[in-house]
Structures are given as structure tokens and as C-alpha cells.
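For reference, the structure discussed in these notes is given below.
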Amino acid sequence: MKRTYRLYNILFPIWMLIFFPTYLWLLLIPANYLIDYLVTRLSMKYLDIEDYRKKALRHSWKICIIGFLSDLIGAAFLLGTELIVDRQGNRDLYELINGINWNPFVNIYSFLLIVAGIVIAGVCIYFLNRWMLGKDKELTKQQVNKIALYLAIFTAPYLFLIPSMWIYR
């Protein structure tokens, strides 16, 4: 006789959904690609780069992959922090975990940890895009640094700040 197990009422923080491929990715991947493309294109246009449309199109899929990888790194930081705090077994730290998972605005420490996850992802976006764009011989080092900075600022995962309680209630 085969037993089946079902898990009911498992609530994930919004940022944790990045670890689980779902049909939601069919919306997220094109939206993320479009945002990355637009930020890259507008950055290149602002910096007066010749043939910026072609260059933005050529690099945008790599920038999109770097963005998802960086978001995963930021989410992994949050998950790791949660697991470390949870293993302490300290009831006083329950509010910290609750804030990370449910509502980052419930206390300053949860908010700062979520912001740290966003900053970590943004730093990864900057350095990985700087490395990738640095291989393009048609871009100067200054242009590469500025484009990578614009991408880090405008495509960081600010959605980590959305309280999960808004969705699950």
C-alpha cells in the first residue's frame, strides 16, 4: 500500500518563491528581461554610446541571467540568516524570523536584514555586469562602470520588501 503525503498551509515569504520554478516564472522571466533591456538601453543612450540599441540587445540576455543569479544570492542570504537564527532556538528571536518571512516592517532588525539581502544582490549585479560588460571592447571602462551601476541601482530586488502578509491574507 502506497502512502501519499500532502503538505497544507505552507506559507513562503515572497522572496523564497525564486527558489521554486513555477508557472509564475513564465511571467517573471519576460518581465525581468524587459526591465533589464530597458535599463541597459536607456543607460547606453544616456552615455551617448554609438549603436546603443544593438549593444543593449546583444547584452540583455546575459544581464537578465546575471540578475536572476544575483537575486538568488540575495535570497540565499535571507534564507541562511533565517535558518541560523531558527537553529538558535531562542524565542526572543522569533520576531526577527517572523519579520523576515511575514512583514519586514514589523521591526528594524528584520527590515535591515531584508535591506542587506537587497544590497548583497545589488552588489552582485554590479560586479557581475561590470565583469561581463568589460569584455565588450567597444565600451570604455568608465561606460562599463556606469552601466553596471545603473543596473545595480534600478534592477536590485526591491520586491524583497513586499510583506508576504499582503498576499496570504
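For ILE162, the conditions (1) hydrophobic (A, V, I, L, M, F, W, C); (2) modelled with pLDDT of 95 or more; (3) over 20 Å from LYS45 (Cβ atoms) are fulfilled apart from (2). Of everything in segment 56-80 that is touching a Ser or Thr at 6+ places or on another chain (Cβ under 8 Å) and not aliphatic (A, V, I, L, M), the residue that is nearest to GLY134 (Cα to Cα) is HIS59.
Among the residues examined, ALA75 does not qualify as in a helix (DSSP H, G or I), under 15 Å from the mean Cα position of the chain (by Cα) and either surrounded by fewer than 18 Cβ atoms within 10 Å (Cβ to Cβ) or free of Cβ contacts under 8 Å to residues at least 12 places away in the same chain (or both).
Restricting the first member to segment 79-96 and to residues that are more than 11 Å from TYR109 (Cβ to Cβ), and the second to residues that are surrounded by 14 or more Cβ atoms within 10 Å (Cβ to Cβ) and among the hydrophobic types (A, V, I, L, M, F, W, C), the beta-carbon pairs closer than 7 Å and six or more apart or on different chains are LEU79/MET16; GLU82/ILE97; GLU82/ILE100; ASP86/ILE97. Selection within segment 97-108: residues that are hydrophobic (A, V, I, L, M, F, W, C) and surrounded by fewer than 20 Cβ atoms within 10 Å (Cβ to Cβ). The member of this set that is farthest from SER164 (Cα to Cα) is ILE108.
Within segment 89-96, can one find any residue that is part of a helix (DSSP H, G or I), among the hydrophobic types (A, V, I, L, M, F, W, C) and at pLDDT below 90? Yes, segment 89-96 contains at least one residue that is part of a helix (DSSP H, G or I), among the hydrophobic types (A, V, I, L, M, F, W, C) and at pLDDT below 90. Could you give every pair whose Cβ atoms fall below 8 Å, whose first residue belongs to segment 121-133 and is polar (S, T, N, Q), and whose second residue is surrounded by 18 or more Cβ atoms within 10 Å (Cβ to Cβ) and part of a helix (DSSP H, G or I), counting only separations of at least 6 or pairs across chains? Sorted first by the residue in segment 121-133, then by its partner, the pairs are ASN129/ILE63; ASN129/ILE66; ASN129/ILE147; ASN129/ALA148; ASN129/LEU151; ASN129/ALA152. None of TYR23, TYR52 is under 21 Å from GLN143 (Cα atoms), over 13 Å from the mean Cα position of the chain (by Cα) and modelled with pLDDT of 75 or more except TYR52. Exactly one residue among VAL115, VAL39, VAL85 is under 30 Å from LEU139 (Cβ atoms) and assigned to a helix (DSSP H, G or I), and that residue is VAL39. LEU149 meets each of the listed conditions (1) out of contact with any Gly (no Cβ under 9 Å at 6 or more places or on another chain); (2) assigned to a helix (DSSP H, G or I); (3) more than 24 Å from ILE35 (Cβ to Cβ) apart from (3).
The values are calculated or read from the model by the stated rules, or taken from the named source; none is laboratory data. These numbers were taken from a predicted model, which means no experiment stands behind them. Cβ atoms come from the backbone with ideal geometry, glycine included; neighbour counts cover every protein chain shown.
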